[in-house]
1. With the alpha-carbon atoms as the only input, what is the per residue convex hull volume for region 81-191 in Å³?
2. Report, in deg cm²/dmol and to the nearest 500, the calculated mean residue ellipticity at 222 nm for the chain, where each DSSP H run with n ≥ 4 adds -39500 (n - 2.57) and the sum is divided by the residue count.
3. Where q = 0.16, 0.27 Å⁻¹, what log10 of I(q)/I(0) comes from the Debye formula for region 22-85, counting one point per Cα?
4. Send over the Kirkwood Rh of the chain, from the inverse of the averaged 1/r over different Cα pairs, rounded to one decimal Å.
5. Which length gain, in nm to one decimal place, applies between VAL11 and ALA283 when the Cα-Cα distance is subtracted from 0.36 nm times their residue separation?
6. Just subtract the alpha-carbon distance of LEU199 and ARG143 from 0.36 nm times their residue separation and send over the number in nm, one decimal.
7. Please say if region 125-282 is rounded, prolate or oblate, where rounded means a/c under 1.5 for a ≥ b ≥ c the square roots of the C-alpha gyration tensor eigenvalues, and otherwise the choice is prolate for a/b larger than b/c and oblate otherwise?
8. Relative contact order of region 126-284, please, whole-number percent, based on alpha carbon pairs below 8 angstrom and at least 6 residues apart.
Amino acid sequence: MRTVFVNGEYVSENEAKVSVFDRAFLFGDGIYEVASVLGGKLIDFPAHVARLHRSANELGMRVDVSDDEILAIHRELISRNGVEEGVVYMQMTRGAIDRDFVFDTDKLKPTMVLFTQSRPLIETAVSKNGMKIVSIPDLRWGRCDIKTVQLLYPSLGKMEAKSRGADDAWMVRDGVVTEGTSNNAFIVTKSGAIVTRPLSNEILPGITRAALMAYSAESGTPVEERAFTIEEAHDAAEAFITSASVFVGPVVSIDGVELSGGKPGPVTLGLRKTYIEESLKRAL
Ligand code: PMP
């Protein structure tokens, strides 16, 4: 049985409770972060906390714990649950109050929940075999840059991908790829540049995306921030996704069209290795 953190207390997962009036339950009025753990240490942690503050600011939500406390809670859960490899999920909501569309921020105390999930992240089926992707229309709301718990469309998108024999879906808006259901989308051109669309309200500013782009630029890999179509991806040398829990995930087919011979591509595997090595150096 795991220990989870709920509103200032460490409790057993079967005793953890939040109110039925919590605005995340009734309105999806909550934000979250997922940070990965390797060797018991947190990967890209300061950037995840910075994005939590950004999400809170965009929604006018209070964060009433300090960054040091947030780190201490993560570490305490990693230690209590003996997490060597896995993730820490952190959710903050606007709080619980009788159901009403309008709310008075002064009367609300934010809800804070954290839990861990232990699972292999380095040696996985995705890292070995890659992922099959299908494309679906991007029907999400207009503020995909805020990391809210409104994940119904991405969840149904992943379910559709599974039902079509794939592992995940890339979403397409206005003819170009926005991002994956829970990751950022990249292609590698035949000349070896990596391409991903620029940040806007239409995608989440991925922490892994930003770190990988910085490591790539440092190592001399050209990085192009521009939108691309599914057709361009079909014709690319390689494709991959980035996310905190997958790191760099090779894509081996898109809508049934094989890439890099249906196997993880060499540039992708090199970037995955670089990302893991570099982020371990900075792990907390
Ligand atoms: N886009 C979306 C829609 C996501 O849900 C995620 C993961 N939460 C990402 C991108 C990747 O972000 P990160 O690298 O910070 O995990």
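1. Looking at region 81-191, the number lands at 187 Å³ per residue.
2. -9000 deg cm²/dmol
3. Taken in order of the listed q values, log10 I(q)/I(0) reads -0.61, -1.16.
4. Every distinct Cα pair counted, the radius reaches 19.7 Å.
5. Numbers: separation 272, 0.36 × 272 = 97.92 nm, distance 2.65 nm.
The span from VAL11 to ALA283 would gain 95.3 nm if fully extended.
6. Answer, rounded to one decimal: 19.0 nm.
7. It is rounded, given that a/c, with a ≥ b ≥ c, falls under 1.5.
8. Details: 307 pairs, mean separation 41.7, N = 159.
After rounding, I find 26 percent.
Laboratory data are not the source of any read-out in this text; all were calculated from the coordinates shown. Keep in mind the model is a prediction, meaning the values are calculated, not measured. Using ideal geometry, Cβ is built from the backbone for each residue, glycine included, and neighbour counts are taken over all protein chains shown.
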